[in-house]
Amino acid sequence: MTTVASSVRSSPAWPVLVGVAVLAGAVAAGLAALSLTDALTATGLPDPGPVTTYGLPFVRAAGEIAAVTAVGSFMFAAFLVPPQANGVLDAGGYRALRLGTVASGVWTLCAVLLVPLTVSDVTGQPLSSRLDPSAIWSVASLVEIAGAWRWTAFIAAAVTIASIPVLRWSPTPLLFAGSLATLLPLALTGHSASGGSHDLGTNSLLIHLVAGALWAGGLLALLVHALRGGEHGYLAARRFSIVALWCFVAMAFSGVINALVRVPPSDLLGTTYGWLILAKTAALCVLGVIGWLQRRRGVAALEADPSARGPLIRLALVEAVVFGLTFGVAVALGRTPPPTPPVFNPSIPVVEIGYDLAGPPTLARILFDWRFDLVFGTAAIVFALVYIAAVVKLRRRGDAWPVGRTVAWLLGCLVLLFATSSGVGRYMPAMFSMHMAAHMLLSMLTPILLVLGAPVTLALRALPAAPA
């Protein structure tokens, strides 16, 4: 075990990871400094000084690279390489686990540093005046973003500590879930959580963050595994390529929605905020092209010769650099004031829940006045389509599958969609009766129908056996 740990510390992959984090931080700090005047004008706050001006975006961008590295590393250990027959992680999985531990620890440290930096930024006071721990703790409770960073630090620290004694495969899915949970406070603050349609903004940002973490983090973990010459390279690359494809689709879908919520298309070319959105869009397109080339060249080369890691490493290095630039632009985007919306007098529902209501609920409004829920509505549709695809695969193979199970599963997906996206879901945040109706549908009817669909049994019969 000591040999493995020492090889992890001396691995040539570490300069690559540090370089990507520094690149992201430098881009974020540079772009944020360019928009500093607009930000100070929009908030009316004094300049907090160069330490906060440059340090906050740098630490955040570098910390987010550490966060996605932790997510990708735990995902790699849990799902991309197989453990040993006795349930203990093999060398590649253990190295990925230890990388996740270190990355999660760095993410914890960055989140802790971001609490005083955020307080300094929000109050417009130099960082030197915000270094008293007791004062920072009390003020952070009053500042939403600082409080979010405090929660991020707590969760990331818990994940770090929990991962230290792990040697077996069984806890790794929980560590993976915990690393994703560290991203949740970010999705609940910032531009997307304020203003009109903040339900769509928050949900789309959540999807965007999770998809980006899986894609970027999985890529960095795969790159580190390839640089270290780990086993099961083709299996890991093939599995990750499927994840990356779905993440690309999710990021494109959620990114377009989030951008439309924050800025009209007419302001894309005339504002700094719009230019940064276009830069992120261009980066996503470049990443999509590189990912396609990776499937055609890198994965194909490994399939032909498991030792041929050169094409995968070269393309992954380029992709890692583009991800570093993208994360820097994303952090700078969060520091840049969006275009000023047209002046209007919003109603109480718009202020409180993000959208207006047509009037008191009626049967017609409950059935036909829909507002699609990006998280649960999308999940319901995806669950239904994946289930149908598995059933079709079984039938083409000549195997039977009970019609009743299919009907039960599809009804469960339909109830999930109806409870969250129909008039019930639309009125749920505003009325206790609708909230309870949705609660009963989601907690009592939907799970029963989904369980009757026997999805695990279907997956065991439809999915191919994993190669050794």
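The values are calculated or read from the model by the stated rules, or taken from the named source; none is laboratory data. None of these values were measured; they are calculated from a predicted model. A quick note on method: Cβ atoms are made from the backbone with ideal geometry, for glycine too, and the neighbour counts reach across all protein chains shown.
Being free of Cβ contacts under 8 Å to residues at least 60 places away in the same chain and surrounded by fewer than 19 Cβ atoms within 10 Å (Cβ to Cβ) is the filter; apply it to the stretch 254-269 and report the residue that is nearest to the chain's Cα centre (by Cα). Walk me through how you get there before you give the answer.
Of the stretch 254-269, the ones free of Cβ contacts under 8 Å to residues at least 60 places away in the same chain are 255-256, 259-260, 265-266, 268-269.
From what's left, surrounded by fewer than 19 Cβ atoms within 10 Å (Cβ to Cβ): 256, 260, 265-266, 268-269.
Values: 256: 15, 260: 19, 265: 25, 266: 28, 268: 24, 269: 27 Å.
If we take residues in the stretch 254-269 being free of Cβ contacts under 8 Å to residues at least 60 places away in the same chain and surrounded by fewer than 19 Cβ atoms within 10 Å (Cβ to Cβ), then 256 is nearest to the chain's Cα centre (by Cα).
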With respect to residue 291, is the statement that it is closer than 30 Å to residue 376 by Cβ and of a type in the set (Gly, Ala, Ser) true? yes
Say whether the condition of being in contact with a Cys (Cβ under 9 Å, 6 or more places away or on another chain), in the same structural domain as residue 446 (by TED's automatic domain parsing) and surrounded by 13 or more Cβ atoms within 10 Å (Cβ to Cβ) is met by at least one residue in the stretch 408-429. no
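Does residue 226 satisfy the condition of being assigned by TED's automatic domain parsing to the domain that holds residue 98 and under 20 Å from residue 76 (Cβ atoms)?
Working: assigned by TED's automatic domain parsing to the domain that holds residue 98: yes; under 20 Å from residue 76 (Cβ atoms): yes.
So residue 226 passes the test.
Please count how many residues of the stretch 84-143 are on the phi > 0 side of the Ramachandran plot and either among the hydrophobic types (A, V, I, L, M, F, W, C) or modelled with pLDDT of 90 or more (or both).
Quick first cut of the stretch 84-143, residues on the phi > 0 side of the Ramachandran plot only: 87, 124.
After this cut, where a residue has to be either among the hydrophobic types (A, V, I, L, M, F, W, C) or modelled with pLDDT of 90 or more (or both) as well, the list is 87.
Residues meeting the conditions: 1.
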Among the numbered criteria (1) part of a helix (DSSP H, G or I); (2) crowded, with 17+ Cβ neighbours inside 10 Å, which one does residue 230 miss? (1)
All but one of (1) within 18 Å of residue 438 (Cβ to Cβ); (2) at pLDDT 85 or above hold for residue 349, so report the exception by its number. (2)
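Among the helices (runs of 4 or more DSSP H) contained in the stretch 26-125, which hold 1 or more residues that are assigned by TED's automatic domain parsing to the domain that holds residue 277 and touching a Cys at 6+ places or on another chain (Cβ under 9 Å)? I'd like the intermediate steps shown before the answer.
Values: elements: 36-43, 50-75, 91-123.
It comes to 50-75.
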Considering only the stretch 148-169, state which residues are outside any loop (DSSP other than H, G, I, E, B), free of Cβ contacts under 8 Å to residues at least 12 places away in the same chain and under 24 Å from residue 80 (Cα atoms). 161
Pair list, Cβ < 6 Å and 6+ apart or interchain, from the stretch 300-328 residues that are in contact (Cβ under 8 Å) with a residue 24 or more places away in the chain and assigned by TED's automatic domain parsing to the domain that holds residue 237 to residues that are surrounded by fewer than 21 Cβ atoms within 10 Å (Cβ to Cβ) and not in a helix (DSSP H, G or I): none
Is it the case, given these coordinates, that residue 388 is under 25 Å from the mean Cα position of the chain (by Cα), closer than 27 Å to residue 210 by Cβ, of a type in the set (A, V, I, L, M) and surrounded by fewer than 19 Cβ atoms within 10 Å (Cβ to Cβ)? no
Within the stretch 378-468, which helices (runs of 4 or more DSSP H) (wholly inside it) include 3 or more residues that are over 15 Å from residue 366 (Cβ atoms) and not aromatic (Phe, Trp, Tyr)? 403-421, 446-452, 455-462
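If we scan the stretch 154-162, do we find a residue that is under 29 Å from residue 425 (Cβ atoms) and modelled with pLDDT of 75 or more?
Kept after step one, since they are under 29 Å from residue 425 (Cβ atoms), are these residues of the stretch 154-162: 155.
Of the ones still in play, those that are also modelled with pLDDT of 75 or more are 155.
Taking every residue of the stretch 154-162 in turn, at least one turns out to be under 29 Å from residue 425 (Cβ atoms) and modelled with pLDDT of 75 or more.
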